[in-house]
Structure formats: C-alpha cells, structure tokens
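Some notes on the structure that comes next.
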Amino acid sequence: MKTGWTILALCSVMLGLATASPGQTRISVQVDQPGAAIRPTMWGVFFEDINFGADGGLYAELVKNRSFEFPDSIMGWSRILQSGSEGYIYVEKYPEKQTNAHFLRMKVGKTGRGFGISNGGFRGMGIREGKDYRFRVRARLTAGGPMTLRVELAGRGRRPLAETKLDRFTSQWQEYTAVLRAKSTEEKARLNLFVEGSGTLDLDMVSLFPVDTWKDREGGLRADLVQMLAEMKPGFLRFPGGCIVEGRTLDVRYQWKTTIGDPADRKLIVNRWNTEFNHRLTPDYYQSFGLGFYEYFLLSEDLGAEPMPIINCGMACQFNTGELAPMDELGPYVQDALDLIEFANGPADSGWGRKRAEMGHPEPFGLKLLGIGNEQWGPQYIERYKVFVKAIQDKYPDIQLIAGTGSDATIFPNGQQEIDYLWSQYRRLKADIVDEHFYRRPDWFLDNAHFYDNYERDGSEIFVGEYGAQSIGVASPDNRNNWHTALAEAAFMTGLERNADLVTMSCYAPLFCHVDGWQWRPDLIWFDNLRVFGTPNYYVQKLFSLNRGDRVLPVAVAEPATTPDGKPRFYASSVYDETSNEMILKVVNATGEPVRAIIQTRGAKTVGLQANVTVLASDDLNDENSFEAPRKIAPVESRVPVRSAEFRYDFRPYSMTIVRLMCQSQ
Ligand code: AHR
C-alpha cells in the first residue's frame, strides 16, 4: 500500500452510487480481470542522426569538421588574416592512413595583428558563463618556431569569452589540452585559434567539449539532452535509425565497426540527410561517429533501456537508389550482424568482446533485440532477411529479430498488396517481431485507435517502430508539433496499450531536432545550442512510459463522446500496476467539449480514497511548446477524492488524462 493512502473498504451498497445521466459517458474498468502482460519495452525511444541529432546535438563536440575529413576538407573553418599578417593554410594528407587521413598545415610568415583559423561549430557553439570547456588538439611544428597557439572563445562581435595559450610544440605529433572557463554565455560562439611566431604548425583533431557532459564522461554527450530521455524512462533505445542505416548507396551505409574504438580513427561518412530534402539542404552534415555503437550501448545501459540496434541487410534506401548487395556477396553483411552480437554479449576474451572490454566495458551489454534492415520491402528484402535469420538463429537463438515493412503499411509502393505479401511471408517464417511505421495526418491516428483490435494474432509480435502525426503531410517543412498531433498520437497509443498482447514495443520518430539544423519535422524534442524543450508529443510519450503498468485491464466506454459531425473522439485504456496496486486509466478526450464520465472500477473490493490525476490539455489544438514557453502544454498533477468504486470525473476538452487509483480485487 502506498504511504499516506487510506483504503476504503467497499460494500455492495456503495457500488453504483454514482449514476450516469443522459449525455454522460460511463467508463468501466474490469479491475479483477488483468489480461496481457505489458512488456518493459512497451514505450521506447528511436534515435537517429537526423536534424543534428548526434553531430551538433547529443554528441557534445562543439567543433565541426574537427579532423578535416569532410570531402571539402576546410568546410566549417575560415582563415583569420588580420592586418600585417602573412601566411596561408591548406589541408595535407598522410599517405599511409586510411581513416583520419587529413590534417591542417598553417604556414606563417608574420603574425601581424593576428593570423589563424576560426570554427563556427554546428550553427554556433553554445557556451555558458562560469562553465569549463576542454580544448584538445594534435599538433606538431614542422618548420621555424617557436610558435604559440592562442585559443580563444569569442561571442558576437568577437566579444572575448575565454582564452588560453598552448606552446612547446615539437616536430612529433602530440596532443595538447587546456580547459577554458567562460566569462559569459553565448549561444553562437566561435573558436578562434591564433598562431604566434613564424614557422609551420600542423593541427589535427581540434576539439572542444563542455567539461560537464552526461555522467561527466570526457568527450561525452550533452547532459541536458540525455536528461530529457532519462526522464522518459524508455523501455528500449532503437539506434542508429532510421534511413541512416541504409544509406543512399551501400557505400555510405551505416557500418557499426567503423564507429567504435578511438574516435579519431572512426571513418567519417556523409550523413544521408545532408541533401535529402531540397527544401532543407544541409551540405555540411557528416557523421563523425563520435557517437558510435559503443556509446549507444552505454547510453542504453544508462537509461535502463534495452539496446535495439538496427543493421543494414544488404539494401540501400529503397526511396533512393535501392542498391542491393548480390545474394552471393551478402556474407560480410551477415558477418557484421554476428560480430555485433559478439561485441555486445561476448565474453571479454572473445574477438569482438575484447574490443568492448578495451573500450571500458568488460561486462556484456545484454543485447536481446536486433533489427534486420530498416524500411525494407519486396521479395528482395525477404530473401535477404531469411539469410540473416538463419545465420543468427543458428548461432544466437535467444536474440529476437525484427523484420521491416517499409515506411507505411498501406501507402508505399504497391500499397496494401505489399503489406499482405510481407505478412504472408512473416507468418510462414514465424517472424519474431514485425516493425510497422505510421507517418499520417492527425485524423488518421484519431480514426485508427482500434487499428490493432482485430489484427491477426499468429505468434509474431508487433513493434510500432516509427510513428508521428504529420500536421500537413509526411516530412512537410510546415509540419508543427502542435497539440492536435500530440492528442491524436495519445488516442492511437491507447489502442497500442489495449493491444499490448500483440504490440510489445513502440516509439515516436524522429527524436531530436536542432532548431537551426533540421531536415525533418515534426520531432519529439527540440533544442538549440543552449536550451531544450519537450513538445506536447514528448509529454504524451513520457506519460505513457511513466504509467506503463504491468497488465492490461479490459475497459469499456459506453457511448463515447463524438465531434459535432458524429465522429467518436473519446478513447480509454487501462493497465494495472502490480507494485503500487493501482489501476491506471488513460483517457483521451479529443472533442472540444468537457465530458462528464462515471468511472466504474468493476470487481474492485477496495479502492483508495483519492486518485492521483495527471492532465495534459490545451483548449487550442494549434498550441505548441517553445523555448519561450517550454511548458505551455505540460502535465499538471492533482488529487481527486474518490468516494466509492464508482466515481465521477469531468474530462477537459482536448485533454489526455491519467487516473491512478489504488484498487484491489481480492
Ligand atoms: O524518422 C525519419 C525517417 O522516417 C526515418 O529515418 C525513416 O526510417 C522514416 O522514413
């Protein structure tokens, strides 16, 4: 029993005290008939490096193109040539190196009033007053000298924020480091490096990180962004996407092996969202893989979430080239999957387990879920999927494999015919888990809260692996994360919860979005270089996750409220929390009117004297959160007295409400 709760013992006389009058709704929850178990994985998060989600976002590196590996190797950098100075800069290549093969050479004749280079970060660098920033650089002096490197953080109008000097460079590459404390806050600062003295100085891996990162890991993740995830208590972390897994061509597919080990040696490739949308070209978007597979596993562990990697299955994005690895050349792709499982789960003395241990994690990560391809479809996918399944199940029968169904079960090439084909295959193959995606208008979600009620139950579990209500159209630049979209998703999620025997996992997509660096909207969490806020959609996800419960309870809504044109727009689902002995009722009133409901806890022998109620609401469906008003739409908690197993509650117009009530049936 929860502290501070009083139990009301119920006798039959008390049942049915509150009666529904005409126009009211009655919600009956069968407390004594707990059904399917809700998996701890029911509500998770989807991470992809889109919208500056990783580089420029979660990965806290502030320097863009730190190792001069972008194809335009000087991109992100500019030369500082002030009066009286003479010199030039260019990028050189180590002939012997495959990864991180380039470095910057600075030849300085005269320093004058200042000669050097400047980096503007990812749409600026977020610098906070009083905070420390760790600067690192690999450098060598190849001619002349002695030379000094003056490291400066500067705000708008070259307002100085912090400064330090590095010297004693030698002819050998060495790493130099310094910590700078910022004098004031700046959202769009720059890093300026001034060279003093004449000679030739080579630089590589020029890096600037906040010292305060998530769990204070050096070279780690932005703490405020991870905190938003931690507060959701997600059941799983899906990574690294998304279409990024596939690449536009197989050459630039995501290959996890190139994302581990020393960050300086991880092989940079283009980000597939770089020039995907003409309306949001982002030609400076590359993947440094500073946030790579090891860090994703670590993050999953930090969040208490099951890691869910998705791997390339020998198919490039079917919306782009659709390039296929020939069947007789699939071996390396399959081997990558097998090696990944060993990297995650193998003992510290196994081949790939050793690499994990060397990176600092001798204990296995406990991988249980693995996605074969992202949004794939067609017979080409099925024949590749089968090869992966056979190889993985032979070696690792406990790993559950996730099969794809394209980007939308009903509207992608061949429509329903395609999904019918895929499902016919999955039934025959007894697929463990099938991933379905929905990017639709809000009304679709409101109309389809019962989508899974009559789905065939044949053994395969369903993972709703990407969804999000699109206020205008799929990935339209005009889409908004408004209350309409969030409320529609909440309605749909009541359907996922009611069908938790079938739908065992789900996640919204995409997750993060830099306000100046996005390609796709809507997104769950918005940030700039200093701030972050959760959209109404974020709070919907968070509330479902924090109120997950353990078992589905049957719910019936008598005469659900409708819109003026007769559409039912009132939704409910319920679960039982076996630890707190609470019935958790989730109700979405998507009508513009208040709805008075009689809530019946059927089969309850005892109920608490008060319910904890959380409401997420706004009277205006166009309302949004923003940096200025980050909690315009945010959960509001209260306690409501309960006098019997039946009680009355008025649901606000356009609201999502969670009622937690101590309730025991025996
Ligand atoms: O979430 C954005 C993109 O939408 C994902 O990368 C892809 O899987 C889907 O089409």
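The values are calculated or read from the model by the stated rules, or taken from the named source; none is laboratory data. Everything numeric here is computed off the predicted structure, so don't read it as measured data. We place every Cβ from the backbone using ideal geometry, glycine too, and count neighbours over all the protein chains shown.
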query = Does residue 495 satisfy the condition of being surrounded by fewer than 21 Cβ atoms within 10 Å (Cβ to Cβ), among the small types (Gly, Ala, Ser) and within 16 Å of the ligand (Cβ to nearest atom)?
reply = no
query = Regarding residue 44, is this residue crowded, with 21+ Cβ neighbours inside 10 Å, under 30 Å from residue 436 (Cα atoms), within 16 Å of the ligand (Cβ to nearest atom) and modelled with pLDDT of 95 or more?
reply = yes
task = Select the strands (runs of 3 or more DSSP E) contained entirely in the range 153-266, then report the ones holding at least 2 residues which are at positive phi.
result = 199-210
request  = Scan the range 435-446 and report the pairs whose first residue is at positive phi and in a strand (DSSP E or B) and whose second residue is within 16 Å of the ligand (Cβ to nearest atom) and acidic (Asp, Glu), with Cβ atoms within less than 8 Å and a gap of 6+ or a chain change.
outcome  = none
request  = Could you list, in sequence order, all residues of the range 619-651 that are within 29 Å of the chain's Cα centre (by Cα) and basic (Lys, Arg)?
outcome  = 631, 632
task = Determine which member of the set 104, 58 is aliphatic (A, V, I, L, M), crowded, with 16+ Cβ neighbours inside 10 Å and either modelled with pLDDT under 95 or within 16 Å of the ligand (Cβ to nearest atom) (or both).
result = 58
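Within the bounds of the range 181-191, is there any residue that is over 20 Å from residue 210 (Cα atoms) and surrounded by fewer than 16 Cβ atoms within 10 Å (Cβ to Cβ)? Quick ask: steps written out before the conclusion?
Within the range 181-191, the first condition is being over 20 Å from residue 210 (Cα atoms), and the residues that meet it are none.
The answer is no, given that none of the residues of the range 181-191 is over 20 Å from residue 210 (Cα atoms) and surrounded by fewer than 16 Cβ atoms within 10 Å (Cβ to Cβ).
So which strands (runs of 3 or more DSSP E) are wholly in the range 582-666 and hold at least 1 residues that are surrounded by fewer than 23 Cβ atoms within 10 Å (Cβ to Cβ)? Explain how you work it out, then say what you get.
Values: elements: 582-589, 595-602, 606-608, 610-617, 636-641, 646-651, 655-664.
Qualifying strands (runs of 3 or more DSSP E): 595-602, 606-608, 610-617, 636-641, 646-651, 655-664.
For the range 406-422, which residues satisfy the criterion of being assigned to a loop (DSSP other than H, G, I, E, B) and either over 26 Å from the mean Cα position of the chain (by Cα) or more than 16 Å from the ligand (Cβ to nearest atom) (or both)? Spell out the reasoning first.
Start the filter on the range 406-422 by keeping residues that are assigned to a loop (DSSP other than H, G, I, E, B), which leaves 406-414.
Passing the criteria: 413, 414.
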request  = Mind counting the residues in the range 527-547 that are among the charged types (D, E, K, R) and either surrounded by 20 or more Cβ atoms within 10 Å (Cβ to Cβ) or closer than 13 Å to residue 511 by Cα (or both)?
outcome  = 1
task = Exactly one condition in (1) touching a Leu at 6+ places or on another chain (Cβ under 8 Å); (2) of a type outside the set (Asp, Glu); (3) closer than 23 Å to residue 385 by Cα is not met by residue 463; state its number.
result = (1)
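Listed here are the residues, each with its yes/no results for (1) surrounded by fewer than 17 Cβ atoms within 10 Å (Cβ to Cβ); (2) small (Gly, Ala, Ser).
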position: 314; (1), (2): no, yes
position: 332; (1), (2): yes, no
position: 341; (1), (2): no, no
position: 344; (1), (2): no, yes
position: 350; (1), (2): yes, yes
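Condition check: at pLDDT 95 or above, assigned to a helix (DSSP H, G or I), under 20 Å from residue 499 (Cβ atoms) and away from the ligand (no atom under 16 Å from the Cβ). Does residue 426 satisfy that? It would help to see each step written out before you state the result.
Numbers: at pLDDT 95 or above: yes; assigned to a helix (DSSP H, G or I): yes; under 20 Å from residue 499 (Cβ atoms): yes; away from the ligand (no atom under 16 Å from the Cβ): yes.
Yes; evaluated as a whole, the condition is true for this residue.
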task = Return the total of residues in the range 500-517 being crowded, with 22+ Cβ neighbours inside 10 Å and not in a strand (DSSP E or B).
result = 7
Residue identified as closer than 18 Å to residue 531 by Cβ and surrounded by fewer than 24 Cβ atoms within 10 Å (Cβ to Cβ) among 231, 218 = 231
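Of the residues that make up the range 556-573, is at least one more than 19 Å from residue 445 (Cα to Cα), at pLDDT 95 or above and crowded, with 18+ Cβ neighbours inside 10 Å?
Keep residues of the range 556-573 that are more than 19 Å from residue 445 (Cα to Cα), which gives 556, 558-559.
After this cut, where a residue has to be at pLDDT 95 or above as well, the list is 556.
When the remaining residues are screened for being crowded, with 18+ Cβ neighbours inside 10 Å, the result is none.
Taking every residue of the range 556-573 in turn, none turns out to be more than 19 Å from residue 445 (Cα to Cα), at pLDDT 95 or above and crowded, with 18+ Cβ neighbours inside 10 Å.
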key: Subset tally (residues that are surrounded by 14 or more Cβ atoms within 10 Å (Cβ to Cβ) and either within 16 Å of the ligand (Cβ to nearest atom) or part of a loop (DSSP other than H, G, I, E, B) (or both)) for the range 456-476   = 13
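To keep it simple, each residue is scored yes or no on (1) out of contact with any strand residue (DSSP E or B) (no Cβ under 8 Å at 6 or more places or on another chain); (2) aliphatic (A, V, I, L, M).
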{"site": "46", "(1), (2)": "no, no"}
{"site": "54", "(1), (2)": "no, yes"}
{"site": "69", "(1), (2)": "no, no"}
{"site": "72", "(1), (2)": "yes, no"}
{"site": "78", "(1), (2)": "no, no"}
{"site": "83", "(1), (2)": "yes, no"}
{"site": "92", "(1), (2)": "no, no"}
ask   = Does any residue in the range 34-59 that is within 15 Å of residue 229 (Cα to Cα) and part of a loop (DSSP other than H, G, I, E, B) come within less than 6 Å, Cβ to Cβ, of a residue that is within 15 Å of the ligand (Cβ to nearest atom) and among the β-branched types (Val, Ile, Thr) six or more places away or on a different chain, and which pairs are these?
value = 48/244
inquiry  = So, residue 232, is that one at pLDDT 95 or above, over 19 Å from the mean Cα position of the chain (by Cα) and among the aliphatic types (A, V, I, L, M) or not?
reply    = no
remark   = Of the residues in the range 410-452 that are surrounded by fewer than 20 Cβ atoms within 10 Å (Cβ to Cβ) and among the small types (Gly, Ala, Ser), the one that is nearest to residue 382 (Cα to Cα) is 424
